[in-house]
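The structure appears right after this line, and notes come after that.
The values are calculated or read from the model by the stated rules, or taken from the named source; none is laboratory data. Keep in mind that what you see is a predicted model, and the values were worked out from it rather than measured. Methodologically, a virtual Cβ is constructed for each residue, glycine included, from the backbone with ideal geometry; neighbour enumeration extends over all protein chains shown.
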Amino acid sequence: MIEFIGSLAGILTTVSFFPQVYKTIKSSSAGDFSTAWIIMMTTGVFFWMVYGYYINSTPVFLANIVTFLCMAVLSWIKFSGRHCDKLPNKHNDGAGDK
């Protein structure tokens, strides 16, 4: 039963990242994420992943591998310079450029 609870917790907390990652990919911007949060969260998830491996807990290990991958995507978008404010405005008709 305890493995089921751990698995359910891991699935729910990991899957909760998917909508945010999707939104970030779609907008090509992670500008609203603080750099400190990205670094601390990614580092923390990495250590949870290592911990799960060493205590031989599949739910902890797998959930944190997936979360780490989500954080890698968010980090890449955040630090690669792909921000919406640098992209051309699709709705700009040229008016007001003068």
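Summary of values
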| read-out | value |
| --- | --- |
| Within the stretch 26-59, considering residues that are assigned to a helix (DSSP H, G or I) and under 10 Å from the mean Cα position of the chain (by Cα), the one farthest from I77 (Cα to Cα) | M41 |
| Meets criteria (hydroxyl-bearing (S, T, Y), assigned to a loop (DSSP other than H, G, I, E, B) and surrounded by 14 or more Cβ atoms within 10 Å (Cβ to Cβ)) for S75 | no |
| Given (1) in contact with a helix residue (DSSP H, G or I) (Cβ under 9 Å, 6 or more places away or on another chain); (2) at pLDDT 90 or above, number of the condition N56 does not satisfy | (1) |
| Qualifying positions in the stretch 1-21 - farther than 18 Å from C70 by Cβ and surrounded by fewer than 11 Cβ atoms within 10 Å (Cβ to Cβ) | M1, I2, E3, F4, I5 |
| T24 being surrounded by 14 or more Cβ atoms within 10 Å (Cβ to Cβ) and either touching a strand residue (DSSP E or B) at 6+ places or on another chain (Cβ under 8 Å) or modelled with pLDDT of 90 or more (or both) | no |
